[in-house]
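Written out below as structure tokens is the structure these notes cover.
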Amino acid sequence: MAEKTEDETVTGTAAATAVEPDAQTAERPEEDYVAGPEDTAAEEHAEPAGAPSGTGQGAAAVVSAALGLVSLTGGWPGTVAAARETLVGQLRTAADASVATQIKEVYGDAWNTTALWGGLFALVALITGVVVLVRPAFGAPGRTAQAPWTRSVAWAGVTLGVIGLLLAVLTYTGVLLGLPAAA
């Protein structure tokens, strides 16, 4: 149970405050309070009223990492575009076409389309991550700090974007998992 005590305020009127019996410290009037190191550290890191909270940068960092992951695993647009290219290749290829022509038209174009979409997702992930990382340099003077997790996730997006872009280029050019040669 809390005991009620009366403190006299600056105006001379009594104000009731609750004091816990087990509490080690009692509330002090404002005029007697001296700021400690914990309070000054909190004030230094407090954002001024109206300052941006960094939520947009955090969201962009997460989007960057997600797009980088999609560039590696494949996304719905790439799958649909590859299926469309396969269908178009089947329609364009005559029944009496050579095996090499059939492989290129039916599978090769679809493979390249998948690589292009993966590269597109990787490029967007890379650009978004870089924008998040360099954004504090173009922000308000005196506010260059960015949440550590935002920087980490943005770096993850950049890294996944670079890996995805590299794999897309290697796949498109046939260096990595090229089409089989027709015998």
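Every read-out reported here was derived from the displayed coordinates using simple, explicitly stated rules and does not represent laboratory data. Keep in mind it's a predicted model, so treat the numbers as computed, not measured. Cβ coordinates were reconstructed from backbone atoms using ideal geometry, including for glycine residues, and neighbour counts include every protein chain displayed.
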Mean Cβ count within 10 Å, highest first, over the residues of peptides 79-91, 99-111: 99-111, 79-91
Inter-probe distance in nm under a simple model that places probes 7 Å from Cα toward Cβ, at R151 and A95: 6.6 nm
Inter-label distance, nm, simple model (7 Å from Cα along the C-beta direction), W76/L177: 2.2 nm
